[in-house]
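The next block holds one structure in the form of structure tokens; read it before the comments.
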Amino acid sequence: MAKIIVITSGKGGVGKTTTAASISMGLAQRGHRTVVIDFDVGLRNLDLIMGCERRVVYDFVHVINGEANLSQALIRDKRCDALYVLPASQTRDKEALTKEGVGKVLETLSQTYDYIVCDSPAGIEHGANMAMYYADDAIVVTNPEVSSVRDSDRMLGILASKSRRAENNEEPIREYLLLTRYVPERVQRGEMLSVEDVQEILSLELLGVIPESQAVLNASNSGIPVILDAESDAGQAYRDVVARYLGEDVPHRFLDTRKKGFLSRLLGS
Amino acid sequence: MAVPPESDKKDFFPALELKAAAFSLPVLRLLNQDLASIAEQLDAKIRQAPGFFRHAPVVIDVSSLSEEDPVAFPPLLRLLRDHNLIPVGIRGGTPAQNRAAQGVKLAVLNESIQTVRANAAEPKGEESPAPRFKIVTRPVRSGQRIYAPGGDLSVIAPVSSGAEIMADGNIHVYGPLRGRALAGMQGDLNARIFCQNLQADLVSVAGRYRVSENIPAELKGHAVQVFLEQESIRIERL
């Protein structure tokens, strides 16, 4: 049985798709058979971030409607054999995702895969509900600012009350906090909520902090999950996140302002 | 609020009031009389929510037992009390079963508990059932609403801004209270809100309320109680 992970947030633009791409790649690189599903029907992006947009023939909605089978729609990642992408439809709307249809696809996938990563659309409407309904674990992506934190809190409430686990009175979804676009310098200047502030409000286990990084934008633009950019701080932070998710004890990094290098101190900048 | 039944006599000081109130009680439906398996399964149930069942009044539903079988009440009651439950009555019994229940001082309840409680009030007395209460142990998130009808609400977790917690009785929050808390929803002027760390969006008792803007800054972040004094909200540090 696969573990179903939903990447969610409530708010848009906080880094859900970036996170879904990097975490699924990270899990697959460690040899876990992983499939990442784009639930953002009508506004699909995951294929771009994963760099497989020119290979999409069939999509999630085709499979749900029985117009294609899973093996036709799944796209194998060219960089990692254990990773598959199930793209969203760009021409349909979210109503095409039915609870039964999604459930059937997830059940079939969970017979062959170890991890199913669901990339949720923004909002708390139907699409987001379908993405989280069957989840075992949830990674709540939050930016260090008040509106994002409140939306995450709202999403946590929905996870706790409207998921399959909640409806069947099973053990609740395991929830993790992932703080993205973090800028320690701005936290120090009081312009941004700190990790402690966010944790205090959300009271959630911290899976990791991803620093704001140019590498994320570069990686997105070139269709490479940023976790593959091992040189970058964001890429390393995502590696840590995957390790922590798998139960390894990895200390948190990138929380403090960068120590100034010898040269920049010399030049006084 | 409550008018004494004989308020026309000016020099009459009432020692009691009779009121009708509806309580919702857990019903324990017996499917057989095997005490050992009842004990074992009850144990398992209680382990899931020990706080909820501690000293909880329960009604024993015997409608699924065979009608000829006399119910062995004394060992059954002992078993329930050993599990910290307070058996208050039976439901669905035959006339013989009902007589046996009355013999061991159990009330005989009909379909509607409220109508029976009025009749059954006098034989009882020392064992008045505790009011219904609710305990929440997971964080109450923005957008969630929790209501404890007919009793107190205890939250042993943070209450987020944008969440709403309500109770007919008191509200207790062990954790930061950042959302809206409304006690005395049915108009009980004596209801109070207790919290460890007041950062609420709004506090209300019996319809009177105070929004965050009007809560003095020196009270924020502190353990306080909120209650009514001459029908207006008063917040006091604990």
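Bear in mind that the values in this text are calculations on the coordinates, not laboratory data. As the structure is a computational prediction, the values presented were derived from the model and not from experiment. Note: ideal-geometry Cβ built from the backbone for every residue, glycine included; neighbour counts use all protein chains shown.
So what does the Cα-only Debye profile of segment A:146-264 read at q = 0.14, 0.16, 0.20 Å⁻¹, as log10 I(q)/I(0), no solvent term?
-0.72, -0.91, -1.22
Would you please report the Å³ per residue occupied by the convex hull of the alpha carbon atoms in chain B?
Convex hull volume per residue, Cα atoms: 152 Å³.
Report relative contact order for segment A:10-108 in percent, whole number only (criteria: Cα-Cα under 8 Å, sequence separation at least 6).
32 percent
Net charge near B:V224, counting Lys/Arg +1 and Asp/Glu -1 over other residues with Cβ under 12 Å of its Cβ?
Residues close to B:V224 contribute a combined charge of +3.
Report the percentage of all Cα-Cα pairs in segment A:65-200 whose separation exceeds 22 Å, rounded to a whole percent.
Counting every Cα pair in segment A:65-200, those more than 22 Å apart make up 49 percent.
How long is the gain from B:Q225 to B:A22 if the chain were fully straight, where each residue apart is worth 0.36 nm and the alpha carbon distance is subtracted?
Going from the current span to full extension adds 70.3 nm.
Per residue of chain B, what 222 nm ellipticity follows from adding -39500 (n - 2.57) for every DSSP H run with n ≥ 4, rounded to the nearest 500?
About -5500 deg cm²/dmol.
Fewest Cβ neighbours within 10 Å first, please rank A:M132, A:M155 accordingly.
A:M132, A:M155
Sort out for me the Cα centre separation of segment B:130-179 from segment A:78-126, rounded to whole Å.
36 Å
What fraction, in whole percent, of alpha-carbon pairs in segment A:155-196 exceed 14 Å separation?
59 percent
Note down the relative contact order for chain B as a percent, whole number, built from C-alpha pairs under 8 angstrom at least six residues apart.
Relative contact order for chain B comes out at 10 percent.
If neighbour count is taken as other Cβ atoms inside 10 Å, put A:C52, A:C118 in order from fewest to most.
Placing the least packed residue first, the sequence is A:C52, A:C118.
How large is the convex hull of the Cα atoms of segment A:5-52 per residue, expressed in Å³ as a whole number?
80 Å³
Sort out for me the Cα centre separation of segment A:167-228 from segment B:11-59, rounded to whole Å.
Result: 46 Å between the Cα centres.
Give the Kirkwood hydrodynamic radius (Å, one decimal) of segment A:105-144, defined as one over the mean of 1/r across all pairs of different Cα atoms.
Over segment A:105-144, the inverse of the mean reciprocal pair distance is 11.5 Å.
When you have a sec, figure out the Kirkwood radius of segment B:156-238 from all distinct Cα pair distances and drop it here in Å to one decimal?
Kirkwood radius, segment B:156-238: 12.0 Å.
Using only the alpha carbons of segment A:1-132, what is the convex hull's orientation-averaged projected area in square nanometres?
6.8 nm²
What distance in nm lies between label points placed 7 Å from Cα along the C-beta direction at B:I135 and B:R99?
According to this spin-label approximation, the distance is 4.1 nm.
For chain A, what is the calculated [θ] at 222 nm in deg cm²/dmol (nearest 500), taking -39500 (n - 2.57) for each run of four or more DSSP H residues and dividing by its residue count?
-11500 deg cm²/dmol
Going highest first, how would you order A:192-202, A:68-78, B:166-176 by mean Cβ packing within 10 Å?
B:166-176, A:192-202, A:68-78
Over chain A, what is the relative contact order in percent, taking alpha-carbon pairs closer than 8 angstrom and at least six residues apart?
For chain A, the relative contact order is 24 percent.
Given the protein assembly as shown, report the % of alpha carbon pairs whose separation exceeds 37 Å.
47 percent
Given the pairs B:K19/B:K45; A:K94/B:K220; A:K16/B:K45; A:K162/B:K45; B:K134/B:K220, which span a C-alpha to C-alpha distance of over 32 angstrom in this model?
The answer is B:K19/B:K45; A:K94/B:K220; A:K16/B:K45.
In the neighborhood of B:V205, defined by Cβ-to-Cβ distances under 11 Å, what is the net charge if each Lys or Arg adds +1 and each Asp or Glu adds -1?
So the environment of B:V205 carries a net charge of +1.
Starting from the Kirkwood radius over alpha-carbon pairs of chain A, derive D by Stokes-Einstein at 25 °C in a medium of 0.890 mPa s and give it in µm² s⁻¹.
Diffusion coefficient, whole number: 131 µm²/s.
Could you identify which residue out of A:V141, A:V14, A:V105 has the top mean-square fluctuation in a GNM of chain A using Cα springs shorter than 10 Å?
Looking only at A:V141, A:V14, A:V105, the biggest GNM fluctuation is shown by A:V105.
Indicate the helices, whole DSSP H runs only, in chain A that combine a mean Kyte-Doolittle hydropathy of 0.0 or more with a Cα extent along their long axis of 30 angstrom or more.
none
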